[in-house]
Amino acid sequence: MAKVWVYAELSPNGSVHATALELLTKARSLADTIEAVVLGPGATGAAGPLGEHGAQRVFASDDEVFANHLAQPATHALHQLVQEHQPNLILFAYSYNSRDVAGRLQAKTRSTLMSNVTDVLGPEEAQTQIFGGTKIVTCSLQGPDPKLLVVRPKAFEPEPSGGSAEVVPVEVDIPDELKKPKVGERHEEQAAGPKLEEARVVIAGGRGLQKSGNFEILRELADAIGNTAVGASRAVVDAGWVPYSMQIGQTGTTVKPDVYIAIGISGATQHIVGMKEAKRIVAINKDPDAPIFKLADLGVVGDALKIVPQLVEEIRSKKSSG
Amino acid sequence: MNVVVLSKFIPNPAGTPELGDDFLVKREGVEGGLDPGDEYAVEAALQIAEKAGGEVTAVSMGPEPAMAAVRKALSLGCAKGVLVTDDTLRGSDVLVTATVLAKAIERAGFDLVLAGVESTDGSTGTLPMALAELLGVPSLTFARKVDVTDGSVTIERQTEAGYDVVESALPALVTVTAGATEPRYPTLKGIMQAKQKPVDQLSLSDLGLSADEAKPTQQVTGIEDAPERGAGEIVENEGQGAARIAQFLLEAKVV
Ligand SMILES: Cc1cc2nc3c(=O)[nH]c(=O)nc-3n(C[C@H](O)[C@H](O)[C@H](O)COP(=O)(O)OP(=O)(O)OC[C@H]3O[C@@H](n4cnc5c(N)ncnc54)[C@H](O)[C@@H]3O)c2cc1C
Ligand SMILES: Nc1ncnc2c1ncn2[C@@H]1O[C@H](COP(=O)(O)O)[C@@H](O)[C@H]1O
């Protein structure tokens, strides 16, 4: 019988990352034995939610070494656990820290790694999507265990199973040579309003907004609608208009709001994979042939800099008369 | 200081890649060049070598046309190139690519390896980390800023919430995001000089690897169309757009 592991990531504040619960929910449909590995400050506390989502055992260490030296200590510890317990499959999230650990682990286990996974069909079969999610590719995974899958966030809906986990403390000596990188100052960019992943409405701006200052009209629109987060395309993040934490897409955040409004965004495949699961999609773009219109439920052809301020007025007047 | 920069060849950087009958991305007989994501790493490598002294070697694995990616890196200022080409490497996965690149880089010698964060076509986003593990060096990933001083490298590492400052002794591997540098353009002189610069073209056996060690462990078994999200209503009249969106939001019960 297959044994599936989830490498559970912790947020900087020590709480368990939502992706771990998504992966555990999927793992329940793949195997009878489901276990999680969680390393870093907050790990033991995370065993609660991990157990509630299906982990029967949680290998945990609260050691700060896992937070202060990037991926090598975690890879070392995870590799030791793998050798001892021999899982068949390990699920990771496609996030920065988990990608680091998965990539390094693969070089140690010399087993297969599939990335950008959107569905797992079995312990040796997984799917990914290409060309902006228009094609689904199925892959068979070969070679020695453990197979390593790096899964896109929000690929699965987390559902509690009502279980609880046995906590197995991890005790591993991390050699000094694996502690060379030292994490120093940590900077957090404070974003106002709801988080991108959680907001009911997400409005995202792209290069079509012409200049960084014009993002202000999106913030006004977000305020007018309420429970709305503002995101961006990579083009404007790279241009330095807004911080990376606002980026939506393959290499940014994946969102699934009730309504997604793309404003001055062309709809490149790498952007689309991060938002195409929204319940409803609205697009404003002055180019009638912009690819984003192909998936919009409502598309408006025109100048965003004119339409958005009008929309703010419309919503305000609807609300006050409402 | 020896700086190595990974320079992946991708077919048709501006458009959608094409798939062959074997489900692999077509890389032969197509126009292509240096992955745009690697241009930032090349720029960072050149700046570091200009500041700290030393030279930059561009390393790539790919079919014959991949020489275009190496030449592009040379035209920008890299001193020499290494290209690993071998028929057995068609369709290789992350582990095989990392194994090959590790051998080639060890052969070239390095203090610092720079790479992109994810390739435009493969996008596994895990190759550099596997490579770092094989080379036995730290991986400082997702750098939005890189600086090298006195045998150590410092980066600003992008995080979900902001960035962390991370420092490490060399040798090390660093992956560079698009925001980190402003890639230069090749000059005519650079393009001419690139043709004279040395490029080591290596096969698997040159690297002491057997075909067995280059066997991919993944196989595409099928490709199907994803369910379509049919296009919806289009409002062509700019003046009516705002009112229509407001009504749409009302119907969606988010206002
Ligand atoms: C490996 C890789 C990963 C990537 N990851 C991501 C990712 O995570 N997220 C992401 O977003 N991108 C990502 N990209 C980049 C992606 O390919 C596109 O370059 C990017 O999404 C384009 O951003 P944009 O739509 O804002 O800009 P553009 O493509 O330049 O589009 C601007 C749009 O604005 C419209 N416009 C112009 N003026 C107006 C106006 N006044 N009113 C209305 N519309 C107007 C134009 O018609 C155009 O459609 C990635 C690329 C690579 C290679
Ligand atoms: N065949 C290759 N040759 C050289 N560098 C590569 C190759 N494949 C990947 N890379 C490097 O690894 C990074 C991440 O690639 P990937 O894991 O495919 O997303 C790229 O940005 C390149 O710098």
Can you find a residue in segment A:268-283 that is within 20 Å of the chain's Cα centre (by Cα), under 27 Å from residue B:240 (Cβ atoms), more than 8 Å from every other protein chain (Cβ to nearest Cβ) and in a helix (DSSP H, G or I)?
yes
Restricting segment A:239-267 to residues that are over 21 Å from residue A:305 (Cα atoms) and part of a helix (DSSP H, G or I), which is nearest to the chain's Cα centre (by Cα)?
A:245
May I ask you to list the residues in segment A:208-232 that are among the polar types (S, T, N, Q), assigned to a loop (DSSP other than H, G, I, E, B) and within 12 Å of another protein chain (Cβ to nearest Cβ)?
A:227
Within the group A:91, A:149, which residue is at pLDDT 95 or above, within 17 Å of residue B:118 (Cβ to Cβ) and assigned to a strand (DSSP E or B)?
A:149
Only one of these is part of a helix (DSSP H, G or I), out of contact with any Phe, Trp or Tyr (no Cβ under 6 Å at 6 or more places or on another chain) and among the small types (Gly, Ala, Ser): B:69, B:58, B:45. Name it.
B:45
Restricting attention to segment B:68-76, does a residue exist that is buried (at least 23 other Cβ atoms within 10 Å of the Cβ) and of a type in the set (Lys, Arg)?
yes
Breaking point among (1) exposed (fewer than 14 other Cβ atoms within 10 Å of the Cβ); (2) at pLDDT below 95, for residue B:218
(1)
Among the listed residues A:120, A:137, A:101, which satisfies the condition of being crowded, with 19+ Cβ neighbours inside 10 Å and within 22 Å of residue B:21 (Cβ to Cβ)?
A:137
Any idea how many residues of segment A:42-77 are closer than 27 Å to residue B:163 by Cβ, in contact with a helix residue (DSSP H, G or I) (Cβ under 6 Å, 6 or more places away or on another chain) and not in a helix (DSSP H, G or I)?
3
Among what's in segment A:294-305 and is modelled with pLDDT of 95 or more and under 26 Å from the mean Cα position of the chain (by Cα), pick the residue that is farthest from the other protein chains (Cβ to nearest Cβ).
A:296
State whether the residues of segment A:154-162 include one that is crowded, with 17+ Cβ neighbours inside 10 Å and part of a strand (DSSP E or B).
no
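The values are calculated or read from the model by the stated rules, or taken from the named source; none is laboratory data. Just so it is clear, the model here is predicted, and its values are computed rather than measured. Note that we place each Cβ from the backbone using ideal geometry, even for glycine, and neighbour counts take in every protein chain shown.
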